[in-house]
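Note sheet for the following structure.
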Amino acid sequence: MSLILALTSVQTHAQAQALCSALVREGLVACAQFHPVQSTYVWRDELVQEEEFRVLFKSTVDMIPELERRMKELHPYELPAFVCLESSACSDDFLNWVDQQTTHPLRDGQGLRP
């Protein structure tokens, strides 16, 4: 089992919060964090400079296919970034917690384990 950090970005605080809540509640990620960033990129032959929210997800390698599938369903962008970085080092205790959270997700978002 290996820890991954998955990254994406969205346009608004509300979008970031909704994406984080859904993926944690569904057990695809153990933790999600977001913060504002300034992005510069070319989209459809135009230079875009805008504020976005970078979202960081903590999960496991085994969750990547389902996480990517669900991200595409939930993400508001036509072409969402989905980049996963595998950790080369992680504490065993933290990795075990991440694994537990993604193996036994919340039931109905109520904080109850099945």
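Only the coordinates and a few stated rules stand behind these numbers; no lab work does. Keep in mind it's a predicted model, so treat the numbers as computed, not measured. FYI the Cβ positions are ideal-geometry reconstructions off the backbone, even for glycines, and counts take in every protein chain you see.
Taking amide H atoms as placed 1.01 Å from N in the peptide plane, list the residues 5 or more away in sequence, or in a different chain, whose amide H sits under 5 Å from that of GLY27.
LEU106
Could you run the Karplus curve 6.51 cos²θ - 1.76 cosθ + 1.60 with θ = phi - 60° over the stretch 29-44 and give me ³J(HN,Hα) per residue in whole Hz, x for Gly and Pro?
With the stated coefficients, the stretch 29-44 comes to 9, 7, 8, 9, 9, 8, 7, x, 9, 9, 10, 10, 7, 9, 9, 6 Hz.
How big is the shadow of the Cα convex hull of the stretch 17-56, averaged over all directions, in nm²?
3.4
Would you mind working out the magnitude of the charge dipole of the chain relative to its Cα centre, with +1 at each Lys and Arg C-beta and -1 at each Asp and Glu C-beta, to the nearest 20 Debye?
Working: 9 positive and 16 negative charges, 64 e Å.
Once rounded to the nearest 20, the dipole reads 300 debye.
P(r) of the stretch 1-94 in 10 Å steps, Cα pairs, percent per bin?
16, 49, 27, 8, 1
Would you work out the relative contact order for the chain, in percent, from Cα pairs under 8 angstrom that are 6 or more residues apart? List each step's numbers first, then the result.
Numbers: 197 pairs, mean separation 44.2, N = 114.
Rounded, it is 39 percent for the chain.
Using amide H atoms built in the peptide plane, which far-off residues or other-chain residues are under 5 Å from VAL55 H to H?
Here the answer is THR8, SER9, VAL10, since their amide H atoms fall under 5 Å of that of VAL55.
Give me the angle, in degrees from 0 to 90, between the Cα long axis of helix 13-25 and the longest principal axis of the Cα atoms of the chain, rounded to the nearest 10.
20
For the ranges 25-34, 9-18, 81-90, what's the packing order if you count other beta-carbon atoms within 10 Å of each residue, average per peptide, and put the highest first?
Numbers: 25-34: 19.4, 9-18: 16.0, 81-90: 12.2.
Ranking the peptides 25-34, 9-18, 81-90 by packing returns 25-34, 9-18, 81-90.
At 222 nm, what helix-only mean residue ellipticity would the chain give, in deg cm²/dmol to the nearest 500, using -39500 (n - 2.57) for each DSSP H run of four or more?
Numbers: 3 runs with 36 residues, N = 114.
Estimated from H runs of four or more residues: -10000 deg cm²/dmol.
Against the longest alpha carbon principal axis of the chain, how many degrees, from 0 to 90 and to the nearest 10, is the axis of helix 64-74 turned?
Taking the Cα atoms of the chain, the angle to 64-74 is about 50 degrees.
Rounded to whole Å, give me the distance from the Cα center of the stretch 1-25 to that of the stretch 79-106.
Taking the Cα centre of the stretch 79-106 as reference, the centre of the stretch 1-25 is 12 Å away.
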